[in-house]
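Read the structure below first, then the notes.
Nothing in this text is a laboratory measurement; each read-out follows from the coordinates by a stated rule. This one's a predicted model, so the numbers in the text were calculated from it and none came from an experiment. All Cβ positions, even for glycine, are placed from backbone atoms using ideal geometry, and neighbour counts span all protein chains on display.
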Amino acid sequence: MAAYKSGAVAPATNEIVYKDLGLSFTSHPITKKLNVLKNENAVKRALRNLILTNTFERFYNPLFGGNITSFLFEHFTPADKLEMERRIEDTIKIYEPRAVLLEVNVDESNVDRNELTVSIFFRLVNQTEPTQLSFTVERVR
């Protein structure tokens, strides 16, 4: 058991802070440290990267990723929409423990242009308010 010296301040409550490095690797102009994404922004970036990763893209973990680009250039049906939403839900539940998934929506209004809009509603494990992440998936080749 640790003892406090006289005049010492009790430690603050342990607030969980999620941090990730920004992918641009730019430095702060004053402190010259790398920019860091915190909490919601860090989890949003991680979710986006997770969903857009194709299976067999990661060495030693071939099942990692959402593999949703495989739905592009297909005849998109309501069954495909449900399968895509289920695949996203399963991927988040398995690989992202910082997020509590609330809802996943796939908007197929631009399917003729081979674009799908994915909206993910989640909350962080240490917070109560929900957060939304929306991004467009499109074929680049």
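Structural remarks
- 11 Å beta-carbon shell around Ser119, net charge (K/R +1, D/E -1): -3
- Near Asn105: Cβ cut-off under 13 Å, other residues only, Lys/Arg at +1 and Asp/Glu at -1. The net charge is -3.
- Proximity of backbone amide H atoms, modeled 1.01 Å from N, is registered between Thr55 and Asn67 at under 5 Å, excluding neighbours fewer than 5 places apart on the same chain.
- Estimated inter-spin distance, Gln127 and Glu83, nm [label 7 Å along Cα→Cβ]: 3.4
- Environment charge of Glu83, counting only residues whose C-beta is closer than 15 Å and scoring Lys/Arg +1, Asp/Glu -1: -3
- Prolate/oblate/rounded label for the range 46-111 (Cα gyration tensor, a/c 1.5): oblate
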